[in-house]
Amino acid sequence: MSHHTIDFIDVQYSYPDGTEALRNLGLHIGHGESVAIVGANGSGKTTLLSHLIGILFPTTGTVNIGGFPVSNKTLPHIRQTVGMVFQNPDDQLFMPTVFDDVAFGPLNLGFEAAEVESRVIAALKTVGALDLKDRPPYRLSGGQKRAVAIATVLAMEPSILVMDEPTAALDPLARRQLINLLETFSHTKIIATHDLDMVLDLCERTIVLKNGSVLADGPTGEIFGDEALLAKAHLEKPLSMQGCPICSPKKSIIP
Ligand SMILES: Nc1ncnc2c1ncn2[C@@H]1O[C@H](COP(=O)(O)OP(=O)(O)OP(=O)(O)O)[C@@H](O)[C@H]1O
């Protein structure tokens, strides 16, 4: 898996109750791309992301990572390649301390204690949360939990970072700090979000979903400049493209 490409080939997915969440979905994401997945509530974003780490498998069609299909057989390899930050950090943090949570993945991969410790410290430093290492995760603020959840993924050293609504429930400063942090990552990034202003800052490419299919796929500026397309997808232009006088331009709230 030297080239971490992602391919969805004619993917259809129905939940056990029969809800068809993905239909005829095809897309290709190249190594190093930063791609936003946007769309109205229920358009299929989380279902799509769940196929990237084998939480769900296609009902029909194929998902390939690095040219290999995501399947039970390839899962151990896929989960080292693809790291997912869930929408709710509480789904990701369950150990007594922050250190233990970030160490959990590398320990499971069988690394020696010294390697685990160095990965944990590096990951917590990257997200600016090293001082939290002995704290119980459930006592942290929302922004701190999000940072630690990202560290749990970084400690696995994945090539592809998948994030579901990373800025949800963050205050403006924590949101800006997170965006600035994500900008420094050279990973392939796939971000499902309703925060279109963040997309403008982070993603050169945007894929718009509607009813489980790709409605549009192209350069972010072009997608957000197409008012008819946005209306069809039940989306609104990012605030910073609406000429809003009080909306902060990029990075204006960095302390
Ligand atoms: N566990 C489930 N069982 C049945 N249907 C589901 C389940 N989870 C999601 N769905 C349905 O699948 C479709 C896609 O949902 P999904 O959560 O992927 O959308 P989304 O774009 O992530 O939405 P949101 O923006 O609200 O998070 C919706 O019709 C939803 O009701």
Query - Per-region count, the range 6-44, residues more than 13 Å from the ligand (Cβ to nearest atom), part of a loop (DSSP other than H, G, I, E, B) and acidic (Asp, Glu) - result: 1
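Which of the residues belonging to the range 194-229 are touching a strand residue (DSSP E or B) at 6+ places or on another chain (Cβ under 8 Å), under 22 Å from Gly243 (Cβ atoms) and either without any contact (Cβ under 8 Å) to a residue 12 or more places away in the chain or hydroxyl-bearing (Ser, Thr, Tyr) (or both)?
Of the residues in the range 194-229, the ones touching a strand residue (DSSP E or B) at 6+ places or on another chain (Cβ under 8 Å) are 194, 196, 198-199, 202-209, 211-220, 223-224, 226, 229.
Still in the running and under 22 Å from Gly243 (Cβ atoms): 194, 196, 198-199, 202-203, 206, 219-220, 223-224, 226, 229.
Within the range 194-229, Thr206, Thr220, Asp226 qualify.
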Query raised in the report: What is the residue count in the range 45-54 for residues that are within 9 Å of the ligand (Cβ to nearest atom), farther than 13 Å from Lys210 by Cα and hydrophobic (A, V, I, L, M, F, W, C)?
Result: 1
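Name the single residue that is surrounded by the most Cβ atoms within 10 Å (Cβ to Cβ) among those in the range 130-165 being among the aliphatic types (A, V, I, L, M) and over 27 Å from Ile78 (Cα atoms).
Applying the first criterion (among the aliphatic types (A, V, I, L, M)) to the range 130-165 yields 130, 132, 140, 147-151, 153-156, 160-163.
In the following step, the residues that additionally are over 27 Å from Ile78 (Cα atoms) were identified as 130, 132, 140.
Details: Leu130: 16, Leu132: 23, Leu140: 18.
If we take residues in the range 130-165 being among the aliphatic types (A, V, I, L, M) and over 27 Å from Ile78 (Cα atoms), then Leu132 is surrounded by the most Cβ atoms within 10 Å (Cβ to Cβ).
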Query - Filter result (surrounded by fewer than 21 Cβ atoms within 10 Å (Cβ to Cβ) and either of a type in the set (Ser, Thr, Tyr) or not in a helix (DSSP H, G or I) (or both)) within the range 93-125 - result: Phe94, Met95, Pro96, Thr97, Leu109, Gly110, Phe111, Glu112, Ser118
Report task. Those residues that are more than 16 Å from the chain's Cα centre (by Cα) and touching a residue at least 40 places away in the same chain (Cβ under 8 Å), I need them from the range 116-169; list them, please. Result -> Thr126, Gly128, Pro136, Pro137, Tyr138, Leu140, Gly142
Query raised in the report: His77 is checked against (1) over 19 Å from Ala216 (Cα atoms); (2) in contact with a Phe, Trp or Tyr (Cβ under 8 Å, 6 or more places away or on another chain); (3) near the ligand (Cβ under 9 Å from one of its atoms) and fails just one. What number does that condition carry?
Result: (3)
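Check the range 148-158 and report whether any residue there is polar (S, T, N, Q) and either farther than 15 Å from Val127 by Cα or within 16 Å of the ligand (Cβ to nearest atom) (or both). Break it down stepwise before answering.
Step one: list which residues in the range 148-158 are polar (S, T, N, Q), which gives 152.
Keeping just the survivors that are either farther than 15 Å from Val127 by Cα or within 16 Å of the ligand (Cβ to nearest atom) (or both) gives none.
No, the range 148-158 has no match at all.
For every residue, the table says whether it meets (1) within 16 Å of the ligand (Cβ to nearest atom); (2) at pLDDT 95 or above; (3) part of a loop (DSSP other than H, G, I, E, B); (4) on the phi > 0 side of the Ramachandran plot.
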| position | (1), (2), (3), (4) |
| --- | --- |
| Ile207 | yes, yes, no, no |
| Ala216 | yes, yes, no, no |
| Ile223 | no, yes, no, no |
| Lys237 | no, no, yes, no |
| Pro245 | no, no, yes, no |
Report task. Return a yes/no flag: does the range 63-78 have any residue that is modelled with pLDDT under 95 and basic (Lys, Arg). Result -> yes
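Name the one entry in Asp164, Asp197 that is modelled with pLDDT of 90 or more and either in contact with an Asp or Glu (Cβ under 8 Å, 6 or more places away or on another chain) or more than 22 Å from Ile65 (Cα to Cα) (or both).
Working: Asp164 fails: either in contact with an Asp or Glu (Cβ under 8 Å, 6 or more places away or on another chain) or more than 22 Å from Ile65 (Cα to Cα) (or both).
On inspection, the qualifying residue turns out to be Asp197.
The values are calculated or read from the model by the stated rules, or taken from the named source; none is laboratory data. Values in this document were obtained by computation on a predicted structure and should not be read as measured data. For neighbour counting, all protein chains shown are included, and Cβ atoms are generated from backbone atoms with ideal geometry for every residue, glycine included.
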